[in-house]
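Participant: Let me give you the structure first, and then I'll get to my questions.
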Amino acid sequence: MTTTIAGQEVSVNAEGYMTDLNQWTKEIALEIAKAEEVNMTDKCWEVIAWIQEQYRNENPLTIRKVGKSGITDIKEFYELFPNGPLKKASKIAGIPKPVGCI
Amino acid sequence: MSEPKDAPVKKLLLILSKATIENVYACFILANGARMEGIESEIFYTFFGLEAITKKKLNDLRVATVGNPAMHIPTILGGMPGMEALATSMMKKEMEKLDIPPVDEFLEMLTASGCKMWACKLAMDMFHLEKTDLYDDIDGVLTVGGFYERAAGEGSHLMFI
C-alpha cells in the first residue's frame, strides 16, 4: 500500500513501516519521528544512518549490536528513541520492523 | 469483551527462582524483550535465582543434563562427569551465534535498558549472602510484600520462572 508522508508518495506496510528504502528522505523521517514522538537530535540522525547501513549490508539488528556500534550505548539508545527504541528507530530509518527478540 | 488494545501490558514483573541457564535466559530475554517494546520490566531474584546475580557464580551457570527429558540423552549419561559443562558450552556457542550475550553482559544490557532488579531478602538470609556478594547495579533488596507493591497499577503482570 502507499501513503503520503511529507508530501511524497511512499510505499508502506500495514504497520506504517516503509517498504522501499530508496524512497526515504530526511523530511519523511522527520514526519515519522513526530508521529512516534521522537525528538530528532544530531545523535538520533547518526544512529539512523548506522541502522540504514546495517540494513544495506544485510546485518540483522539487535539491541546488543547497537550498543557496540561505537555511535551510542544501550542506555542512550533508550533515551534517544523512548518506548521501544529498535522498532521506532527502524521505522524512522525506513527499514522493515526488526524481527529479533534481543 | 474489551479489545486487546484497550488493556495493553504496561509492566512485566518476573520472579526468577531457578539458576539453570535455560531458566535464567528465558527470564532475561522476556525482561529485555519487554523493554524493547516500551513495556516496563522488573526482575525479583529469589531462591536459586539469586545465583544469576551472585558475582562469583553468574558466569558459571549450567544447563541441567539430569532430570531434563528435552536433552534426549539417557539420565545415566547426563550424570557423567563433564556432561553438564559440555552441554553448557554447546548451548553458549549456539546463543552467541544468535547474538545472545553472556550473563554478565546481559545484566549490563538489562540495567541500561531500564529494567529494575531486586534481590529477595529472605533468600539472601537463607544463603548467607550480603549485598556486596551481588551484582553491583541491582536496585535493592526487597521482601515479597515490597515486590508486590511494585506490581501496583493497571496493566501490570507477574510471571514466575
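Participant: Place a +1 charge on the Cβ of each Lys and Arg in the range A:2-93 and a -1 charge on the Cβ of each Asp and Glu, then give the dipole magnitude about the Cα centre in debye, rounded to the nearest 20.
Facilitator: 320 debye
Participant: Continuing with this model, one more query. Apply the Kirkwood formula to the protein assembly as shown: the hydrodynamic radius equals the inverse of the mean of 1/r over all pairs of different alpha-carbon atoms; give it in Å with one decimal.
Facilitator: Working: mean 1/r = 0.0490 Å⁻¹.
Computed over the protein assembly as shown, the radius equals 20.4 Å.
Participant: If the label point is 7 Å along Cα→Cβ of A:Q23, which residues in the range A:58-102 have backbone nitrogen under 16 Å from it?
Facilitator: Taking a point 7 Å out along Cα→Cβ of A:Q23, the residues of the range A:58-102 whose backbone N falls under 16 Å are A:91-97.
Participant: Output the peptides B:116-128, A:53-65 sorted from most to least packed, where packing is the average of other Cβ atoms within 10 Å over each peptide's residues.
Facilitator: Working: B:116-128: 17.0, A:53-65: 15.1.
So the order, starting with the most tightly packed, is B:116-128, A:53-65.
Participant: Quick one: dipole size for chain B, taken about the Cα centre, charges +1 on Lys/Arg Cβ and -1 on Asp/Glu Cβ, in debye to the nearest 20.
Facilitator: Computed charge dipole of chain B: roughly 280 debye.
Participant: Note down the relative contact order for the range A:2-93 as a percent, whole number, built from C-alpha pairs under 8 angstrom at least six residues apart. Walk me through the numbers on the way to the answer.
Facilitator: Values: 84 pairs, mean separation 25.7, N = 92.
This gives 28 percent for the range A:2-93.
Participant: Still on this structure, please answer the following. Anything over 25 Å Cα to Cα? Flag those among A:K34/A:K75; B:K57/B:K97; A:K65/B:K93; A:K87/B:K93; B:K11/B:K93, in the order listed.
Facilitator: Cα-Cα > 25 Å for A:K87/B:K93; B:K11/B:K93; rest within.
Participant: Highest mean first, how do B:32-41, B:67-76, A:8-17 rank when packing is the count of other Cβ atoms within 10 Å averaged over residues?
Facilitator: Highest mean packing first, the order is B:32-41, A:8-17, B:67-76.
Participant: Enter the mean number of other protein chain beta carbons within 10 Å of the beta carbon of each residue in B:28-39, as an integer.
Facilitator: Across the residues of B:28-39, the mean count of other-chain Cβ atoms within 10 Å is 4.
Participant: Now for a different question. Taking beta carbons within 10 Å but only from partner chains, what does the mean come to for residues B:109-115?
Facilitator: Values: counts 7, 1, 2, 8, 7, 5, 0.
So the per-residue partner count for this stretch is 4.
Participant: If the viscosity is 1.306 mPa s and the temperature 10 °C, what Stokes-Einstein diffusion coefficient in µm²/s follows for the range A:2-93 when Rh is the Kirkwood radius over Cα pairs?
Facilitator: 119 µm²/s
Participant: How shielded is A:58-65 by partner chains, expressed as the average number of their Cβ atoms within 10 Å of its Cβ atoms?
Facilitator: Average per residue, whole number: 3.
Participant: Around A:K68, which amide H atoms from residues at least 5 apart in sequence, or from another chain, sit under 5 Å from its own amide H, with H modelled in the peptide plane?
Facilitator: Amide H neighbours of A:K68, under 5 Å, 5+ apart: none.
Participant: Additional query: Can you list residues whose amide H is under 5 Å from A:V12's amide H, if they're 5+ apart or on another chain and H is modeled 1.01 Å from N?
Facilitator: Here A:T2, A:T3, A:T19 satisfy the definition.
Participant: Let me have the 222 nm mean residue ellipticity of chain B computed from DSSP H runs of 4+ only, each contributing -39500 (n - 2.57), with the sum over all residues rounded to the nearest 500. Don't skip to the end; give the middle numbers.
Facilitator: Details: 6 runs with 59 residues, N = 161.
It lands at -10500 deg cm²/dmol.
Participant: When B:T20, B:T46 are ordered from fewest to most other Cβ atoms inside 10 Å of their Cβ, what list results?
Facilitator: B:T20, B:T46
Participant: Mean residue ellipticity at 222 nm from the helices of chain A, using -39,500 (n - 2.57) per DSSP H segment of n ≥ 4 over the full residue count, to the nearest 500 deg cm²/dmol?
Facilitator: Values: 5 runs with 46 residues, N = 102.
That calculation yields -13000 deg cm²/dmol at 222 nm.
Participant: To continue, here is another question. Around B:A119, which amide H atoms from residues at least 5 apart in sequence, or from another chain, sit under 5 Å from its own amide H, with H modelled in the peptide plane?
Facilitator: Amide H to amide H, under 5 Å and 5 or more residues apart or across chains, B:A119 pairs with B:Y45, B:G140, B:V141, B:L142.
Participant: Now for a separate question. Averaging sequence separations of C-alpha pairs under 8 Å and six or more residues apart, then dividing by the length of chain B, give the relative contact order as a whole percent.
Facilitator: Reported relative contact order: 34 percent.
Read-outs: derived from the displayed coordinates by stated rules, not from any lab. What you see is a predicted model; the values in this text were computed from it and never measured. Using ideal geometry, Cβ is built from the backbone for each residue, glycine included, and neighbour counts are taken over all protein chains shown.
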